[in-house]
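Colleague: Just passing along the structure, written as structure tokens.
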Amino acid sequence: MLKGVVALVTGGASGLGLGTVQRVVREGGKAVICDLPTSQGAKIAETVGPAAVFAPTDITSSDDVQRALDLCKEKFGRLDVAVNCAGIGFAAKTYNHNKKFSHTMEDFARIQAVNVGGTFNVIRLAAAHMHENEPNTDGQRGVIVNTASVAAFDGQIGQAAYSASKGAIVGMTLPIARDLSVIGIRVCTIAPGLYKTPLLLALPEKVQKFLATTVPFPQRLGEPDEFAMMVQAIITNPMMNGETVRLDGALRMQA
């Protein structure tokens, strides 16, 4: 149960983030849905009811994230959990010899700015809000859950920028957990495999079925709620800290 837990979820208007918002509320908590102004966040918050509120947020903007955190405190009085699901994908070869075209630095930098910089931006500002909480009997004041990807470990052709960004999230998990341990904030990361996100669901059904066959077991695409189940497990297990958990049905991506 997540009764009374207040969570801020980036990327909360779709995919893994939406699944997390829905589970938090279903389990008795409250959620701030952070997503771009162009997202369905406002409609989703209206559908969920008073246990959710929408905060239009570009995670790379310190002002946007701070406004979302202030809204969280105004509406729900505190922040217990921050779940970083927002991110963008990109594919391009380091050098395309057929087109005689090199991966642009602009594209590489953009992926790092959103996936790494945006995640860190939320972490650093959320930690300041969590520090205001009264600690529980363990001394815990909050929990932060980040989203990486199996691409952090098994990056495919064309995923240099994306894999670098997700690898960075994995790499900063332990040092941030150590940084924040002195104020009672736990930090973990989930590295999901193939899930029913808008990106995958936009692919032709034939491609979706093929991708499902690459997962050893269960041989299907993951559900957003299964990702959210792991978020809940991290929140409720006080010994989960500084760890990255693969959630992929034993998938190991091939080149």
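Colleague: Of all residues being in contact with a strand residue (DSSP E or B) (Cβ under 9 Å, 6 or more places away or on another chain) and hydrophobic (A, V, I, L, M, F, W, C) in segment 213-227, which is farthest from residue 251 (Cα to Cα)? Just the residue, please.
Modeller: Here the residue is 227.
Colleague: Also, quick follow-up: Give the number of residues within segment 62-104 that are in contact (Cβ under 8 Å) with a residue 40 or more places away in the chain, polar (S, T, N, Q) and in a loop (DSSP other than H, G, I, E, B).
Modeller: Looking only at that region, the number is 1.
Colleague: Can you name every one of the helices (runs of 4 or more DSSP H) wholly within segment 105-214 that holds 1 or more residues which are of a type in the set (D, E, K, R), touching a Lys or Arg at 6+ places or on another chain (Cβ under 6 Å) and touching a residue at least 12 places away in the same chain (Cβ under 8 Å)?
Modeller: Counting at least 1 such residues, we get 151-154.
Colleague: Any residue in segment 53-60 that is of a type in the set (Gly, Ala, Ser) and closer than 23 Å to residue 195 by Cβ?
Modeller: No; the residues of segment 53-60 include none that is of a type in the set (Gly, Ala, Ser) and closer than 23 Å to residue 195 by Cβ.
Colleague: Residue by residue through segment 11-58, note down the ones that are buried (at least 24 other Cβ atoms within 10 Å of the Cβ), polar (S, T, N, Q) and out of contact with any Asp or Glu (no Cβ under 7 Å at 6 or more places or on another chain).
Modeller: 20
Colleague: Looking only at segment 215-243, filter to residues that are in contact with a Phe, Trp or Tyr (Cβ under 8 Å, 6 or more places away or on another chain) and assigned to a loop (DSSP other than H, G, I, E, B); which one of those is nearest to residue 140 (Cα to Cα)?
Modeller: 223
Colleague: Residues 149, 165, 62: which one is modelled with pLDDT of 95 or more, surrounded by fewer than 19 Cβ atoms within 10 Å (Cβ to Cβ) and of a type outside the set (D, E, K, R)?
Modeller: 62
Colleague: From the residues in segment 216-229 that are hydrophobic (A, V, I, L, M, F, W, C) and crowded, with 18+ Cβ neighbours inside 10 Å, which one is nearest to residue 154 (Cα to Cα)?
Modeller: 221
The values are calculated or read from the model by the stated rules, or taken from the named source; none is laboratory data. These numbers were taken from a predicted model, which means no experiment stands behind them. Virtual Cβ from ideal backbone geometry, glycine too; neighbours counted across all protein chains shown.
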